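J.: Here you go, one structure.
Every read-out reported here was derived from the displayed coordinates using simple, explicitly stated rules and does not represent laboratory data. Predicted model, so just to flag it, every value in this text is computed and none were measured. Virtual Cβ from ideal backbone geometry, glycine too; neighbours counted across all protein chains shown.
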Amino acid sequence: MQDLGIRVLFEGENGIRLLLGLLVTIKLSVITIIASCILGTIMGMLMTLRHPAVHFITRIYLEFIRIMPQLVLLFIAYFGLTRAAGINLSGFTAAVIVFILWGTAEMGDLVRSALISIPRNQYESGAALGFSKIQLYRFIILPQALRRLIPPAMNLATRMIMTTSLVVLIGVVEMLKVGQQIIEANRYTAPTAALWIYGAIFFLYFFSCWPLTLAANCLEKRWKE
Amino acid sequence: MRIRKLYLLLAALAIIAAAVFAGGCKNEAATDSQQSTGSGETAFRSLDEIKKSGEVIVGVFSDKAPFGYIDKEGNYQGYDVYFGNRLAKDLGVKVKYVSVEPANRVEYLKTGKVDIILANFTVTPERAEQVDFALPYMKVALGVVSPDGALITSPDQLKGKTLIVAKGTTAETYFTKHYPDVNLLKFDQYTETYNALVDGRGDAFSTDNTEVLAWALKNKGFTVGITSLGDTDTIAAAVHKGNKELLDFINDDIKKLAGENFFHKDYEETLAPVYGTAVSPDDLVVEGGEVKK
């Protein structure tokens, strides 16, 4: 009875389908996390400018994205745009857009808090030494802010990977959905398959997120010295 | 001051967003009636457009065995899919299946992202306002499962006895309304109800007949004594509101298929392996769109 469940994983195309699902999850995560890091850094720097218009716009953008559940944003991008404007995005494109919008907002706020946590005198000393604005950020502020940024940014990245499981609601079949399809297809012939499939998914998620944690630890250790 | 201004701005934005969406919906309703050419706008595809494109897009479940699921080779299978394949064949086009969820079935149709929904879609008046249903091809009613030793074969036998139901199901409302002298034992989840029945905390358990029939088959010592009870709900294909050509095509096809007993064949291929001989196909299958009680 016990080997019955795990057998399902190796039947036909099941294993390959699960890995293809993982590929969708990873592709979506990698694209959106990288884009969010770049755009989020720019957004965070914009947020520290004391320009009232910029401040208002970034603030409203951040609050809007924060208040809206990701699922609602996905529905707006996929169904809402088609309905209101006739724009027909593919599910994957809609997901990429929503995740970048979300990631940029959250990342921007993290960058902002890291930047303002650098003491004033660092900015002033830099300026006094004759650094230009760009040099100041490049050589003094960003390297320090980056260290404070790593732990919360890792948190955000893993959260984004987990949240990719929502995209099935706009028709993008990713790993978790493939798992459920396999479980349901074998509901009557191998009821114990659920445990094995979810176990496999757990490990695949774990090995997707673990390298991030390892890299973060490695960086933190190196910078401590 | 700044904070108050911010809230005002947010409120204004929310109102604008709401207006845009409401406007979008209204426009759609207004244009739907004459839109059959659909030039990239939010519309459905007409019968001709589907035929010309050589592909019909059908929304089905991908994780609801045995109605719509994916087999180990990665192909769509099931009772709904069997019908979908036939529809495509009669249309003379290829079929492309899209995996849908209960929560987004209506949206998929309304935005024209699929042509037909064949996802175990129960016909209700509320849904009929949003989509157009074709003739039914299946029906569900309540079933009552009980231990072989004390088999319940008619609802009158339940008087004064304890019936297990799941909260929020049609079984709960049906028995409360029509059989007030049956004691109901209510649970939140399906697994709890089955466990309660096995533990003998109730005399019988009632929910959708498809559900109890499949369960009784896997659990020795229990039989579905009442296979069809209460108001029969029908399950039908759905198309975009106003897509009359496609709707007529599906309805005509269903009537034609009755001649060859198509849905009984469908039942034999997809449902019989699960339900076995415990159930008569006529409890579930609707042939030619005519529901016989």
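J.: Hey, what did segment B:141-232 get for relative contact order, percent, Cα under 8 Å, at least 6 apart?
T.: 50 percent.
J.: Give the lysines reachable from B:K94 as a straight Cα distance under 17 Å; neighbours fewer than 8 places away on the same chain don't count.
T.: List returned: B:K51, B:K52, B:K113.
J.: Between A:K133, A:K177, A:K27, find the one with the highest GNM mean-square fluctuation for chain A; connect C-alpha pairs within less than 10 Å.
T.: Residue with maximal mean-square fluctuation among A:K133, A:K177, A:K27: A:K133.
J.: Could you work out the mean count of beta carbons from other protein chains within 10 Å of each residue's beta carbon in A:83-94?
T.: 4
J.: Looking at segment B:133-281, how many pairs of lysines come closer than 17 Å at the Cα, when each pair is eight or more places apart or spans two chains?
T.: Lysine pairs, 8 or more places apart or on different chains, close enough: 12.
J.: Rounded to the nearest 5, what % of the DSSP beta bridges within the protein assembly as shown are antiparallel ones? Before the final figure, lay out the partial values.
T.: Numbers: 25 of 40 bridges.
Antiparallel bridges: around 60 percent, rounded to the nearest 5.
J.: Take the alpha-carbon centre of segment B:92-157, take the same for segment A:169-225, and report the distance between them in whole Å.
T.: Centre-to-centre distance over Cα atoms comes out at 31 Å.
J.: Next up: If you average the C-alpha positions of segment B:77-91 and of segment B:206-273 separately, how far apart do those two centres end up, in angstrom?
T.: 14 Å
J.: For segment A:86-96, what does the Karplus curve 6.51 cos²θ - 1.76 cosθ + 1.60, with θ = phi - 60°, yield as ³J(HN,Hα) per residue in whole Hz, taken in order and with x for Gly and Pro?
T.: Result, rounded to whole Hz: x, 8, 10, 8, 6, x, 5, 4, 4, 5, 4.
J.: Say the dipole of segment A:2-224 comes from +1 at the beta carbon of Lys and Arg and -1 at that of Asp and Glu; which of A:I33, A:W223, A:G171 then lies farthest toward its positive end?
T.: About the Cα centre, the residue reaching furthest to the positive side is A:W223.
J.: Mind checking which of A:M107, B:T111, B:T223 is farthest towards the positive end of the protein assembly as shown's charge dipole, using Cβ charges of +1 (Lys, Arg) and -1 (Asp, Glu) about the Cα centre?
T.: Comparing the listed Cα positions along the dipole, A:M107 ranks first.
J.: Working out 0.36 nm times the residue gap between B:Q130 and B:K52, then minus their Cα-Cα distance, what length gain in nm do you get to one decimal?
T.: Full-extension gain reported as 25.4 nm.
J.: A further question follows. Can you pull out the trypsin sites (Lys or Arg not before Pro) in segment B:173-206 that DSSP calls coil and that have at most 15 other Cβ atoms within 10 Å?
T.: B:R201
J.: Within a 10 angstrom radius of each residue's Cβ in B:75-81, how many Cβ atoms of other chains show up on average? Whole number is fine.
T.: Neighbouring Cβ atoms belonging to other protein chains average 1 per residue here.
J.: Evaluate peptide A:159-168: per residue, the Cβ atoms of other protein chains within 10 Å of its Cβ; return the mean as an integer. Each step should come with its number before you reach the end.
T.: Details: counts 0, 0, 0, 0, 0, 0, 0, 0, 0, 6.
The per-residue average across the peptide is 1.
J.: Rank A:T192, A:G15, A:T158 by how far each Cα sits towards the positive end of the charge dipole of segment A:2-224 (+1 on Lys, Arg Cβ; -1 on Asp, Glu Cβ) and give me just the farthest.
T.: Result: A:T158, furthest along the dipole toward the positive end.
J.: Let me ask something else about it. Roughly how big is chain A's charge dipole about its Cα centre, with Cβ charges of +1 (Lys, Arg) and -1 (Asp, Glu), in debye to the nearest 20?
T.: It works out to roughly 680 debye.
J.: Compute the helix-to-body angle for A:52-67: its Cα long axis versus the longest principal axis of chain A, expressed 0 to 90° and rounded to tens.
T.: Taking the Cα atoms of chain A, the angle to A:52-67 is about 20 degrees.
J.: Per-residue ellipticity at 222 nm for the protein assembly as shown, helices alone: DSSP H runs ≥ 4 residues times -39500 (n - 2.57), over residue total, nearest 500 deg cm²/dmol?
T.: One gets -17500 deg cm²/dmol as the mean residue ellipticity at 222 nm.
J.: Still on this structure, I have one more. Enumerate the calculated ³J(HN,Hα) couplings along segment B:130-139 in order (Karplus 6.51 cos²θ - 1.76 cosθ + 1.60, θ = phi - 60°), each rounded to whole Hz, writing x wherever the residue is Gly or Pro.
T.: Going residue by residue, I get 9, 9, 9, 8, 7, 5, x, 10, 7, 9 Hz, with x marking Gly and Pro.
J.: Please compute the net charge surrounding B:G68, taking Lys and Arg as +1 and Asp and Glu as -1 over other residues with Cβ under 12 Å from its Cβ.
T.: Values: positive: B:K64, B:R105; negative: A:E184, B:D63, B:D71, B:D80, B:E101.
That sum, taken over residues with Cβ under 12 Å, equals -3.
J.: Moving to a separate point now. For segment B:203-286, state which trypsin sites (Lys or Arg not before Pro) are in a DSSP loop and have at most 15 other beta carbons lying within 10 Å of their beta carbon.
T.: The qualifying sites are B:K220.
J.: Using only the Cα atoms of segment A:2-224, build the gyration tensor, take square roots of its eigenvalues as a ≥ b ≥ c, and label the shape rounded, prolate or oblate: rounded if a/c is under 1.5, else prolate if a/b is larger than b/c, else oblate. Mind showing how you got there, number by number?
T.: Values: a/c = 3.65, a/b = 1.79, b/c = 2.05.
Because a/c hits 1.5 or more and a/b fails to exceed b/c, segment A:2-224 counts as oblate.
J.: Hey, got the Cα dimensions of segment B:141-232 along the principal axes, in Å, largest first?
T.: Rounded to whole Å, the extents work out to 31, 26, 25 Å.
J.: Normalising by the residue count of chain A, find the relative contact order in percent from Cα pairs under 8 Å and 6+ residues apart.
T.: 32 percent
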